[in-house]
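S.K.: Sharing a structure below in structure tokens format, with a few things to ask.
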Amino acid sequence: MVYLACPFSDPNPAVRQQRFDAACQATAALMWAGLKVFSPITHSFPLMRYGLAGDWKFWESYDRAHLEACTALAVLMLDGWKESVGVQAELAIAAELELPVMLIVPASVGIRAESAPAAGTGARVEVM
């Protein structure tokens, strides 16, 4: 199973929503390609409306358990992925577990790179 990491946290709720949408699009594209995928953002973001936190501190042990069950880590390279506390922690855990890492260019899964959300902006993700 492939664990799909991507940046999520941002003070702007529109950016968080757009990153969620991008994670869903990438998850679907990878599943259509025949991969078994776990996307913590796709699974976790809807649960936030029931009072669960949205930060790495809350999700770290949960996501670590999923990474331990996976055979690879894929990183969706949305704007901010290099600065993301969660993505960088997921990369460190993957290295510790000796998992192979794939970097996914947003356009390769149908997300237009020029419209992918930038941290702190209201930019929209457009799905083809």
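S.K.: Could you count how many residues in the range 30-49 are out of contact with any strand residue (DSSP E or B) (no Cβ under 9 Å at 6 or more places or on another chain), part of a helix (DSSP H, G or I) and not hydroxyl-bearing (S, T, Y)?
M.R.: Residues flagged as out of contact with any strand residue (DSSP E or B) (no Cβ under 9 Å at 6 or more places or on another chain), part of a helix (DSSP H, G or I) and not hydroxyl-bearing (S, T, Y) within the range 30-49 amount to 7.
S.K.: Oh, and also: L99 - would you say it is within 13 Å of A5 (Cβ to Cβ) and over 13 Å from the mean Cα position of the chain (by Cα)?
M.R.: yes
S.K.: Filter the range 63-79 for residues that are assigned to a loop (DSSP other than H, G, I, E, B) and under 15 Å from A107 (Cβ atoms) and give the result. So that I can check it myself, show each step before the final result.
M.R.: Initial filter on the range 63-79 (assigned to a loop (DSSP other than H, G, I, E, B)): 70-71, 77-79.
Hits for the range 63-79 are M77, L78, D79.
S.K.: What's the total number of residues in the range 71-90 that are among the aliphatic types (A, V, I, L, M), closer than 15 Å to F38 by Cα and either free of Cβ contacts under 8 Å to residues at least 40 places away in the same chain or surrounded by 19 or more Cβ atoms within 10 Å (Cβ to Cβ) (or both)?
M.R.: Here the count works out to 5.
S.K.: Quick one: in the range 24-51, which of the residues that are aromatic (F, W, Y) and more than 20 Å from E90 (Cβ to Cβ) is surrounded by the fewest Cβ atoms within 10 Å (Cβ to Cβ)?
M.R.: Narrowing the range 24-51 to residues aromatic (F, W, Y): 32, 38, 45, 50.
Narrowing the set further to residues that are more than 20 Å from E90 (Cβ to Cβ) leaves 32, 50.
On the way: W32: 10, Y50: 6.
Going through the qualifying residues, I end up with Y50.
Bear in mind that the values in this text are calculations on the coordinates, not laboratory data. From a predicted model like this one, the values you see are computed outputs, not experimental measurements. Using ideal geometry, Cβ is built from the backbone for each residue, glycine included, and neighbour counts are taken over all protein chains shown.
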